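Asker: This is the structure I want to talk about, given as structure tokens.
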Amino acid sequence: ELSGGAGSAAKRARTSAGAAEDAPRPPASAAERVGKLSAFQRAALLHALSLPGCRRVAYSTCSVWGDEDEGVVASAMANPAVAGKWKLIKALPDWPTRGMAWPGLAPSEADCLVRADPGSDRTQGFFVALFERVPGSGEDIAPE
């Protein structure tokens, strides 16, 4: 499992600017840090997805920032080394709060994601994505 995150509820802010209209976005003072953390998380996720013999990978954060959550997942799914070789499967199917709409994620993919938000779920923020290798797609995937 890969986890981390800069966007706990205490650090959360919402604006209409950004990658997805209603996505939680970090305040300007934290944007650079969140950007660097998201880049690291993306690299770590791509590395995990490149491991031969790996069948499932859980990606989770203790964050509410879309850049660290859906943004990292969408970026990984769009990577040529991942696209068509991995799919998202529904994590915690009975959990009511699912992923947000995000550029590059189909609604069916966002529905596979889990969110725990401070307002609706009475948490500090949590996110889960579960990747599963597509059978017959090969095992050696080079990271970005």
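Read the figures in this text as sums done on the coordinates, not as results from a lab. On a predicted model such as this, the values are computed, not experimentally measured, just so you know. Every residue, glycine among them, receives a Cβ derived from its backbone with ideal geometry; neighbour counts consider all protein chains shown.
Asker: For a quick check: sort Cys62, Cys54 by the number of other beta carbons within 10 angstrom, fewest at the front.
Answerer: Cys54, Cys62
Asker: I would also like to ask the following. Can you put Asp117, Asp67, Asp94, Asp111 in order of Cβ neighbours within 10 angstrom, beginning with the fewest?
Answerer: Placing the least packed residue first, the sequence is Asp94, Asp111, Asp117, Asp67.
Asker: Using a Förster distance of 41 angstrom, determine the FRET efficiency expected from the C-beta separation of Lys87 and Ala39, and round it to 0.05.
Answerer: Plugging the Cβ-Cβ distance into 1/(1 + (r/R0)^6) gives 0.95.
Asker: Given the Cα-Cα distance of His47 and Ala106 and 0.36 nm per residue of separation, how much length would full extension add, in nm?
Answerer: Between His47 and Ala106, full extension yields an extra 18.9 nm.
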